[in-house]
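So the structure is just underneath, and the comments pick up after that.
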Amino acid sequence: MPNIRVRSAGWLIGSLLIFIARCPAAAATANQVTAGAAVHAWWFWPIILFFFCLILGILAVMAGVGGGVLYVPLVSGFFPFHIDFVRGVGLMVALAGALAAGPGLLRRNLANLRLALPVALIASIFSILGAMLGLYLSALNPDIIQTCLGVTIVGIAILLLASKNTEKPVVNKQDAIGLALGLRGAYWDDGARESVEWKTHRTLLGLCMFVLVGMLAGMFGLGAGWANVPVLNLLMGAPLKVSVATSKFLLSITDTSAAWIYMNRGCVIPLIAVPSIVGLMLGSLIGVKILAVAKPKMIRYMVIAVLFFAGLKAIDKGLGLGLLG
Amino acid sequence: MNTQNKEDLQPSPEQIIYANLLVIGVWAGIFILVATYVIYVTGILPAHVDMSLIPKLWGKGVNEYLEMTHSPHGWGWAALLYKGDFLNYLGFAFLALMTIVCYLVLVRGYSRQKDWMYTAIAVLEIVVLSVAASGILGAGGH
């Protein structure tokens with residue numbers, strides 16, 4: 001069995017890395033990419049994109065990260081699409097994934113509406129502002145967005161590597177805002193065979209953090225699960241399972257508001273968007289099946305390494321250094 | 001286990017209605033996306049922007065792309081639904097409108113419980129999402 005685990009994980013990461021290495025866009029400048037894209041028939045890139053997103057969807061589930069956070073840096077770095085379209089589609093990808101996951105999480109009472117609603121309101125307002133700012137900066141000079149995206153992705157990789165989430169944080173006293181909003185609940189833990197009661201603290205600080213989370217999600221077209229979970233879990237004291245589930249549900253609201261801004265601006269090209277959404281959703285379904293026999297921790301480290309590379313590549317591209325091809 | 005704890009373990013009725021609506025909406029949305037994409041790529045309906053032209057333009061910024069393809073922004077796509085490419089926007093819009101529909105259920109539920117704080121939060125979220133969807137903010141690209 002360990003051999004199967006290692007082989008399946010290695011095969012997936014290997015496929016992704018081989019694709020990246022051989023991707024015609026990977027080693028080319030922006031102009032060469034545009035010219036190269038025109039050489040292939042119109043169906044070439046959507047098919048490649050579909051399979052790329054299929055693998056990405058599998059890896060995202062196994063590594064415990066959202067599809068959007070992998071999609072935007074990797075597709076903007078290795079495909080010939082302008083970053084405006086990648087961000088627009090990235091949000092649609094994250095939105096579709098979050099909407100699909102929402103019902104199961106709500107029914108099991110893992111995603112908590114009382115916790116999600118106030119947070120979602122703040123994050124969605126600021127994701128709209130982030131989207132508008134991102135599109136404005138991109139119109140000025142797309143390299144600004146590319147560089148900022150690269151810095152953010154490297155930051156996310158460090159956060160994923162360093163953050164030690166707590167399964168069941170201890171909250172001794174609930175603060176006044178948390179009490180007024182009724183931010184408490186309980187869920188049934190299948191593993192421990194017990195009901196887990198929870199409540200929040202440091203609610204005001206947590207809500208303020210979602211200003212930043214919303215801005216980043218909207219500006220770069222990233223789903224923001226990587227930021228939601230640490231804020232809900234480490235700062236506000238919600239249990240890890242509730243934080244992960246509520247974060248996923250939150251994305252369906254935050255990403256909706258930013259996605260409308262990008263869609264209304266014309267940043268969603270159907271030829272690119274549909275293969276991406278369908279590929280990632282199918283990949284996620286396969287990923288859930290593979291998760292039972294794979295070794296997620298190793299895959300998580302490999303995905304973090306890929307994120308580091310994608311972030312550095314975005315910085316390199318944005319600054320026009322040409323150090324990474 | 002006390003009564004309060006038992007109650008807390010159960011999802012609220014609004015949560016269940018929200019989940020049920022979402023399940024129907026998501027799969028309907030994905031079906032619309034796939035069906036309209038097949039219509040688009042098989043050429044059953046002619047495209048507004050020729051497919052062979054798109055790879056030459058998708059490396060350009062969105063403003064330049066819209067200008068060169070004479071494509072609309074905002075809700076302009078709704079007038080071009082007879083074109084294969086813009087037909088796909090039905091699926092995107094359907095998915096992006098799902099949250100607003102689900103929030104309407106929450107407003108009804110919370111107001112019945114006289115939970116005015118959460119009623120207000122849900123109403124405000126609907127306003128925010130509706131403003132984003134309306135195209136008032138930043139739809140003008142060129």
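Each reported figure results from applying straightforward, stated rules to the coordinates on display, with no laboratory input. Just so it is clear, the model here is predicted, and its values are computed rather than measured. Glycine also receives a Cβ, built like all others from the backbone with ideal geometry; neighbour counts cover every protein chain displayed.
General remarks:
- Cα-based shape type of the range A:178-227, given that a ≥ b ≥ c are square roots of the gyration tensor eigenvalues and the cut on a/c is 1.5: oblate
- Ranked A:167, A:197, criterion: other C-beta atoms within 10 Å, fewest first: A:167, A:197
- Pairwise label distance in nanometres, residue A:189 with residue A:158, each label 7 Å out on the Cα-Cβ vector: 3.2
- Working note: 222 nm ellipticity from helices only, DSSP H runs with n ≥ 4, each -39,500 (n - 2.57), summed and divided by the residues of chain B, gives -21500 deg cm²/dmol to the nearest 500.
- Across the range A:275-289, rounded Karplus estimates of 3J(HN,Hα) from the backbone phi angles (6.51 cos²θ - 1.76 cosθ + 1.60, θ = phi - 60°) give x, 5, 5, 5, x, 5, 5, 4, x, 5, 5, 5, x, 4, 5 Hz, Gly and Pro being marked x.
- Nearest-ten-degree value, helix B:89-112 long axis tilted from longest Cα axis of chain B: 20
- Per-pair calculated FRET efficiency, R0 = 30 Å: residue A:319 and residue B:45 via Cβ, rounded to 0.05: 0.10
- Proxy reagent accessibility, fewest Cβ within 10 Å first, across B:32, A:125: B:32, A:125
- Whether chain B is rounded, prolate or oblate, judged on the alpha carbon gyration tensor where a/c under 1.5 counts as rounded: prolate
- Convex hull volume per residue for the range A:101-254, taking Cα atoms only, in Å³: 104
- Percentage relative contact order, the range A:2-319, counting C-alpha pairs under 8 Å, at least six apart: 37
- Mean partner shielding of peptide A:116-122, defined as the number of other chain Cβ atoms within 10 Å of each residue Cβ, is 4.
- Relative frequency of Cα-Cα separations exceeding 20 Å in the range A:194-278, percent: 42
- Contact order relative to length of the range A:164-222, as percent, for alpha carbon pairs under 8 angstrom and 6 or more apart: 30
- Taking a sphere under 12 Å around the Cβ of residue A:117 and counting the other residues whose Cβ falls inside, with K and R at +1 and D and E at -1, yields a net charge of -2.
- For the range A:111-199, applying the loop criterion from DSSP together with a ceiling of 16 other beta carbons within 10 Å to the trypsin sites (Lys or Arg not before Pro) yields A:164, A:173, A:193.
- Candidate lysines - alpha carbon under 25 Å from residue A:297, same-chain residues fewer than 8 apart omitted: A:164, A:168, A:241, A:248, A:289, A:313
- Counts of other chain beta carbons within 10 angstrom of each beta carbon in peptide B:92-101 average 6.
- With contacts taken as Cα pairs under 8 Å and at least 6 residues apart, the range A:181-325 reaches a relative contact order of 14 percent.
- Within 10 Å of each Cβ in A:272-283, the average number of Cβ atoms from other chains: 3
- In chain A, helices alone account for a calculated mean residue ellipticity at 222 nm of -25000 deg cm²/dmol, with every DSSP H run of four or more residues adding -39,500 (n - 2.57).
- Tensor-based shape of the range A:112-174 (alpha-carbon gyration tensor, a/c under 1.5 rounded, otherwise prolate or oblate): oblate
- Share of pairwise Cα separations in chain A, more than 33 Å, in percent: 23
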